[in-house]
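What follows is calculated from the coordinates using simple rules that are stated; it is not laboratory data. Note that the coordinates shown come from a computational prediction; the quantities given were computed from them, not determined experimentally. Using ideal geometry, Cβ is built from the backbone for each residue, glycine included, and neighbour counts are taken over all protein chains shown.
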Amino acid sequence: MTRKPNRVAPAVKRETNANPLLSRWPAAFRIPPFERIEPKHFKPALNAAFRAHREEIKSIAANPAKPTFANTILALEKSGDDLSRVAGVFFNLEATDSTPEMQAIAREMSPRFAAHETQIHLDQKLFKRIDDLYQRRASLKLTDEQLRVLERHHLGFVRAGARLSSTAKARVKEINARLASLVTQFRQNVLKDEQSWHMVLEGESDLAGLPETLRASAQQAAKERGLEGKHVITLARSSVEGFLVFSARRDLREQAFKAWTDRGANGGETDNRAILAEAVQLRNEHARLMGFKSFADFSLDDTMAKTPQKVRELLEAVWPRAVARAAEERDALVAQARREGGNFEFAAWDWRYYAEKARKARYDLNESELRPYLQLDNMIDAAFSCAKRLFGLSFRELKDVPRYHPEVRVFEVTGRDGAHVGVFMGDYFARPEKQSGAWMSHFRHQHGLGKRQSPIIVNVLNFTKGRAGEPSLLSFDDARTLFHEFGHALHGLLSNVTYPSISGTSVSRDFVELPSQLYEHWLSTPEVLEEFATHYKTGKPMPEKLRKRMEAARNFNQGFATVEYTACALVDMALYAEPAKASIDIDRFEADTLAHLGMPREIAMRHRLPHFMHIMGGYSAGYYSYLWSEVMDADAFSAFEETGNVFDPKTANRLREFIYSAGNKRDPHDAYIAFRGRPPKIDGLLKKRGLDA
């Protein structure tokens, strides 16, 4: 998943004062001076940046000269440098150090950002200049990249409402400001629910079934909360999911599962159901103003999928296969529970526990066997190593540069020729004040204007720490998440475009997950596991027999995993694909939609609606994107396998040229064909998930 700070783009008159956000950043690599930045600096810095950018936009729009690419589009691309810099710092810090003070600033500033962006897109003089260029584009002798940038700007203004009546524009401004406030409140409510819950495990009875590695991380979590000598389970995914996999205490599994799935739906001031219902109505109203039947129709019009029908065709090709496979899996797990004397109605909080037992019985493999070989530091090195073998990148850790938290690791990234490529930051551990999940973002994006700007990219994850003095050990899913987010990071680091608006991950939503999901494939290769999956105590590599058992179990429980995900995508599409009703009962909508789909009772959505942050943010009517991209990533990795070398240099060069470094220079469908030589096929996806039989 990518998160990008609200940004516009580069060059302004600076205010010279003591505010570090508005001063030059002379430190190595122009990393923000985090040690000098305080929450009090953000509002004055943002206010100054807003003013400066408004003046720039006013100057561009009022230019008496005939519109040219240089005096209009290029000028837009160069505008807003201070706003881009300050917003990049603020939104990244508000997500990773979400203190009450930062949250209050976000609640105040989010609608300001929305209003600022809306004002630009609805500026009639500015749009008239862009539209003039667009109508004359065939005669302007633009490069392919310039033409793409012009077309994207024009489409962005049109989709923002530049052609609407003055009355409709006024309503769009109101909608955008309100949505910004709702999205911010929704995120903060989820975080508060996560911060307010933890489970203290008292004595050996509560720890029953938990392996030593999970006990160590639970002990560390307790220590961080001032509960020395105890063990604590939190709602960080790596903590709660590990507990659901291993805990022999069914009553405690139920408590943890319900706390995890009820985030945002606990009543009181952090309840998100009314917030989501209002957001859906507002988005549908915006879509109708734009001439679309529903928000899904509007949102998908600028994606690879294009229409809700195309999305449903993909999801419905997968859903019945996944449900059928999940039913087989459920029957086997129920039988397993019965054999052990579990005379109860099998429930969602039982699935992971008995699935782990079944995997052990069928493949002689369990999660606790793998963790000792998946040290966090080694997995970071593995991700770096793959980037070197594929793209020639090297990573040198920087010890004496600013960082926004002591745990953040910072690396200079260089190319084959030793030249500077960018800076990568890794923020790997869960903290109470940190939003949950995993994402990639940037403090600075790449572009080639003026003195080429190199990127500063950050990966944020929420792994649990190991016991003091011991390494942090990951589940295989954790390691896969690390590779996934690093794939996004490479998309930002390798970007090689001229214009900021098409840089890095600024691509179609259902294309942006291709680089990340594709990168996951290298984690499972023998070449990577043999070198980097080493035991944290003995240093010995993962035994070949264990690797083979892991490969044999690759498609185990895939019915469950596919149902868990696809249900979310189908509910998301249903929520946004129908014309808005007068009111929406979120609980009833979720229950009715799942009943219509035939959702297995023993499986819960991976993200229930009241905490489904994807569909409140950039993935509204877009959660299908992961599956859409998975069709491409499975097909794309086959391009390497077909050569007999998963690091084949020629294939890697094409991948870099057309996917990782190309930003949004071309239509994503064309970009994929340029890499692969043909459109993607769904066969690879079904095979990857074990649903082809």
(request) Give the Cα extents of the range 525-607 along the principal axes, in whole Å, largest first. (result) 62, 21, 19
(message) What's the magnitude of the charge dipole for the chain around its Cα centre, counting Lys and Arg as +1 and Asp and Glu as -1 at the beta-carbon? Answer in Debye, nearest 20.
(response) 1940
(message) Let me check I've understood the local charge: for ASN645, count other residues with C-beta under 11 angstrom from its C-beta, Lys and Arg +1, Asp and Glu -1. What total comes out?
(response) -2
(request) Write down the percent of antiparallel bridges among all DSSP beta bridges whose residues are both part of the chain, to the nearest 5. (result) 75
(message) I'd like the Karplus ³J(HN,Hα) series for the range 45-52: coefficients 6.51, -1.76, 1.60, θ = phi - 60°, whole numbers in Hz, and an x wherever there's a Gly or Pro.
(response) 5, 5, 4, 5, 5, 4, 4, 4
(message) Which trypsin sites (Lys or Arg not before Pro) in the range 22-83 sit in a loop by DSSP (not H, G, I, E or B) and have at most 11 other Cβ atoms within 10 Å of their own Cβ?
(response) ARG24
(message) Can you compute the charge dipole magnitude of the range 163-296 about its Cα centre, using +1 on each Lys and Arg Cβ and -1 on each Asp and Glu Cβ, nothing else charged? Give it in debye, rounded to the nearest 20.
(response) 1020
(request) Return the sequence-ordered ³J(HN,Hα) values of the range 435-452 in whole Hz as given by the Karplus equation 6.51 cos²θ - 1.76 cosθ + 1.60 applied to θ = phi - 60°, using x for Gly and Pro. (result) 5, 6, x, 9, 7, 10, 8, 9, 8, 8, 9, 7, 7, x, 7, x, 7, 2
(message) Among ILE233, THR307, THR184, which residue has its Cα furthest toward the positive end of the charge dipole of the range 180-320, with +1 on Lys/Arg Cβ and -1 on Asp/Glu Cβ?
(response) THR307
(message) Show me, bin by bin at 5 Å from 0, the whole-percent P(r) of the range 451-493 based on Cα pairs.
(response) 5, 19, 21, 18, 14, 11, 6, 3, 2, 0
(message) Among THR261, LEU244, ASN284, which residue has its Cα furthest toward the positive end of the charge dipole of the chain, with +1 on Lys/Arg Cβ and -1 on Asp/Glu Cβ?
(response) ASN284
(message) Could you work out the percent of alpha carbon pairs in the range 20-163 separated by over 19 Å, rounded to a whole number?
(response) 58
(request) Answer with one residue from MET573, HIS607, LEU390: the one whose Cα lies farthest towards the positive end of the charge dipole of the chain, charges on Cβ with Lys, Arg +1 and Asp, Glu -1. (result) LEU390
(message) Within 10 Å of each candidate Cβ there may be at most 14 other Cβ atoms; applying that plus a DSSP loop requirement, which trypsin sites (Lys or Arg not before Pro) in the range 580-622 survive?
(response) LYS581, ARG601
(message) At most 11 other C-beta atoms within 10 Å and a DSSP loop state: those are the exposed GluC sites (Glu not before Pro) I care about. Give me the longest piece of the chain that has none.
(response) 346-641
(request) Quick one: which residues, 5 or more positions from ASP510 or on another chain, have an amide H under 5 Å from its amide H? H modelled 1.01 Å from N in the peptide plane, none for Pro or chain starts. (result) MET304
(message) Using only Cα atoms and rounding to the nearest 10 degrees, what angle (0 to 90) does helix 81-96 make with the longest principal axis of the chain?
(response) 20
(message) Apply the Karplus curve 6.51 cos²θ - 1.76 cosθ + 1.60, θ = phi - 60°, to the phi angles in the range 567-572 and return the couplings in whole Hz, x for Gly and Pro.
(response) 4, 4, 5, 5, 5, 4
(message) Quick check: the angle from helix 124-135's long axis to the longest principal axis of the chain, C-alpha only, nearest 10 degrees?
(response) 90
(request) Could you run the Debye sum over the Cα atoms of the range 233-348, one equal point scatterer each and no solvent, and tell me log10 of I(q)/I(0) at q = 0.12, 0.16, 0.22 Å⁻¹, two decimals? (result) -0.79, -1.04, -1.13
(request) Output the direction-averaged projected area (hull surface divided by four) of the convex hull of the alpha-carbon atoms of the range 361-509, in nm². (result) 11.6
(request) Compute the projected area of the convex hull of the Cα atoms of the chain, averaged over all viewing directions, and report it in nm² to one decimal place. (result) 29.9
(request) Taking amide H positions as placed in the peptide plane 1.01 Å from N, state which residues far from VAL421 in sequence (5 or more) or on other chains have amide H under 5 Å from it. (result) VAL413, THR414, GLY415
(message) Among DSSP bridges having both ends in the range 384-497, what percentage is antiparallel? Round to the nearest 5.
(response) 75
(request) Could you work out how far helix 144-160 tilts from the main Cα principal axis of the chain, as a 0 to 90 degree angle to the nearest 10? (result) 80
(request) Search the structure for amide H atoms under 5 Å from the amide H of LEU201, placed 1.01 Å from N in the peptide plane, and list their residues when 5 or more places away or on another chain. (result) HIS231, VAL232, ILE233
(message) Give me PHE346, PHE90 sorted ascending by neighbouring Cβ count inside 10 Å, so fewest comes first.
(response) PHE346, PHE90
